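Let me begin by presenting the structure, written as structure tokens, before commenting on it.
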């Protein structure tokens, strides 16, 4: 039986990945300190270790090691800059050492934030980014970029089989909608279902490209398990853009909400546009998104409506 270690496996993305691994007959171990989770989300068959990834070490060997643990919400990482850096610095090093000792296949879940405020759209993997190294978002952006550099150093020095993916705004059921953990889609849906003001930062003209979680899991599993994934860096996202303002209007329409749109102060250093060039994912994984934004929003709205009994 193949074995897999997943850091941050209790989170939104990690819980789906655990399910896919179990479905494929893997023995699954998760390390997660629940710092961004409200409850246990992993299936009972998973070996769960409650510990911060930056303090985790083991002599156990795994066939696959995936480092997902992170604080991806801007409000969260801005409020917790050192903890954010730790999971992408010490945490990445710890997981790499476990993979090196076990001769594991190592996958890192990076982020589209490594591109900063891009000057090229859609963004290809060979774009080096436009990032402020000491700005308010740098604790996340730059520590993710450092993690990528560290991973490639292990590949070059130890010939470790490494794979780096850069997800673009993944959403779907189980994603948190509350407080400063709430990303834009679940936050807007929650506000709309409760007929509360939809809070848009700035003028709302900034764009994002959204990927439904089932499409992310399909791409991730392919990338993890194919031979030709070794040493590759891939965007896992969507090439279709939508403005945040249009997204808010669409969610109001879909929920038949009485909510009004309220504009807040712009977020500091918030990227103006974001869309993925997925040419390499198409070529290497024979993959592209299947679930449209319209479909994905319907699924996510229904999930949150049932969860909140609204």
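General remarks:
- Matching residues in the stretch 144-165 - criterion: being in contact (Cβ under 8 Å) with a residue 40 or more places away in the chain, buried (at least 21 other Cβ atoms within 10 Å of the Cβ) and either under 17 Å from residue 84 (Cβ atoms) or out of contact with any helix residue (DSSP H, G or I) (no Cβ under 7 Å at 6 or more places or on another chain) (or both): 144, 147
- Contact annotation: residue pairs with Cβ atoms under 8 Å, 6 or more positions apart or on different chains, pairing a residue in the stretch 255-281 that is at negative phi with a partner that is exposed (fewer than 12 other Cβ atoms within 10 Å of the Cβ) and not in a helix (DSSP H, G or I), are 263/203; 266/203.
- Tally of residues being buried (at least 16 other Cβ atoms within 10 Å of the Cβ) and without any contact (Cβ under 8 Å) to a residue 60 or more places away in the chain across the stretch 130-143: 5
- Residues that are touching a strand residue (DSSP E or B) at 6+ places or on another chain (Cβ under 7 Å) and under 19 Å from residue 94 (Cα atoms) within the stretch 33-47 comprise just one, 47.
- Among the residues of the stretch 19-40, just one is farther than 20 Å from residue 110 by Cβ, assigned to a helix (DSSP H, G or I) and either modelled with pLDDT under 95 or within 17 Å of the chain's Cα centre (by Cα) (or both), namely 19.
- Members of the stretch 251-301 found to be part of a helix (DSSP H, G or I), over 21 Å from the mean Cα position of the chain (by Cα) and surrounded by 12 or more Cβ atoms within 10 Å (Cβ to Cβ), listed by number: 251, 252, 254, 255
Residue-by-condition table, conditions (1) under 13 Å from the mean Cα position of the chain (by Cα); (2) buried (at least 21 other Cβ atoms within 10 Å of the Cβ):
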position	(1), (2)
170	yes, yes
192	no, yes
195	no, no
210	yes, yes
225	no, no
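- For the stretch 96-118, the criterion of being over 21 Å from residue 238 (Cβ atoms), in contact with a helix residue (DSSP H, G or I) (Cβ under 6 Å, 6 or more places away or on another chain) and crowded, with 22+ Cβ neighbours inside 10 Å is met by at least one residue.
The values are calculated or read from the model by the stated rules, or taken from the named source; none is laboratory data. Computed from a predicted model, the values in this text were never measured in an experiment. Note that we place each Cβ from the backbone using ideal geometry, even for glycine, and neighbour counts take in every protein chain shown.
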